[in-house]
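Asks: Have a look at this one.
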Amino acid sequence: MEDDNDERPPASPEDLQALDAPEGFELGPDGIYKATDSIDAQWAQRGPYVIPLSLDGREALSFEPRQFSGWASYVSDEFDRARALLLLHIGPCDRGPDAPLAIREVRLMTFEPVNFPGSSLLRLIPWERVEAAVNQPSRREVLTDFVDPRFPAPSSGPRDLHEWPFQRPKEHLPEPNLHLEIPEGYRKPDAFYAEVAERFLQAAAISARPAQDLAEANEVKPTTVHRWIREAKARSLLALPGDRKPRATDDTTQGGS
């Protein structure tokens, strides 16, 4: 049986433009809804924050331009072909200081019935690459405005799907510069391990083999890179949700004897 998904245009907010404009927004001449009240207008003008997940820019996260929303659309060719919309809610993974960001909630919508179950689409989500991308120190500074710092953050979901255009990067990305200036000696300073963390997360956002990529770029063994990564984590310079240990159960929550 022929799959005619490829004959259909990709899913996009234009699919919803036949609906009435959401409250507080108006449809501009460019076909994009713009906020009309002052605060949301400032955020709408700022536009979504886009984080690439591939060098060709065809896979990305596009954050809703609303303060502390934490919602991002995941855009990729595979989801476009499936006529599906995937929204990810990003927030701290625990209450600890400087807790790494994690995917806290997933919402999957299809614009029409598909010929394979939704679970197949969920298996396409690059969980580890998304969490590597949002935890890059250089991106965390920007995401401070977009992501609610509370854990768990109460969320009613994105305000309206008209509020932000789901964008991809406008240009192809250059290959990330993974080269490190490696200090002499076994004991290395924090600055070096902070650089290891940034470069590792840059690679992990677009590659399934970031440690190998980092090793090849610096002409060292992968075991050396893994040692650097362990030390960066030990010095609290690299943190990912999967590295956090579950919190011990508070005795006060247990039933009394």
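What follows is calculated from the coordinates using simple rules that are stated; it is not laboratory data. Worth saying up front: this structure is predicted, and the values here are computed from it rather than measured. Methodologically, a virtual Cβ is constructed for each residue, glycine included, from the backbone with ideal geometry; neighbour enumeration extends over all protein chains shown.
Asks: Hand me the trypsin sites (Lys or Arg not before Pro) from segment 68-102 located in a DSSP loop with no more than 14 other Cβ atoms within 10 Å, in residue order please.
Replies: Sites meeting the loop and neighbour criteria: R95.
Asks: Between R123 and K188, how high is the FRET efficiency from 1/(1 + (r/R0)^6) when r is the Cβ-Cβ distance and R₀ = 41 Å? Nearest 0.05. Working shown, then result.
Replies: Details: r = 39 Å, r/R0 = 0.95.
Here the calculated transfer efficiency is 0.55.
Asks: Something else about it: Want the number for M109 to A234: 0.36 nm per residue separation, take away the alpha-carbon distance, what's left?
Replies: Contour length minus Cα-Cα distance gives 41.0 nm.
Asks: Quick check for you: which residues of segment 165-200 have the amide N under 16 Å from the point 7 Å beyond the Cα of R58 toward its beta carbon?
Replies: Flagged as within label range: 168-173.
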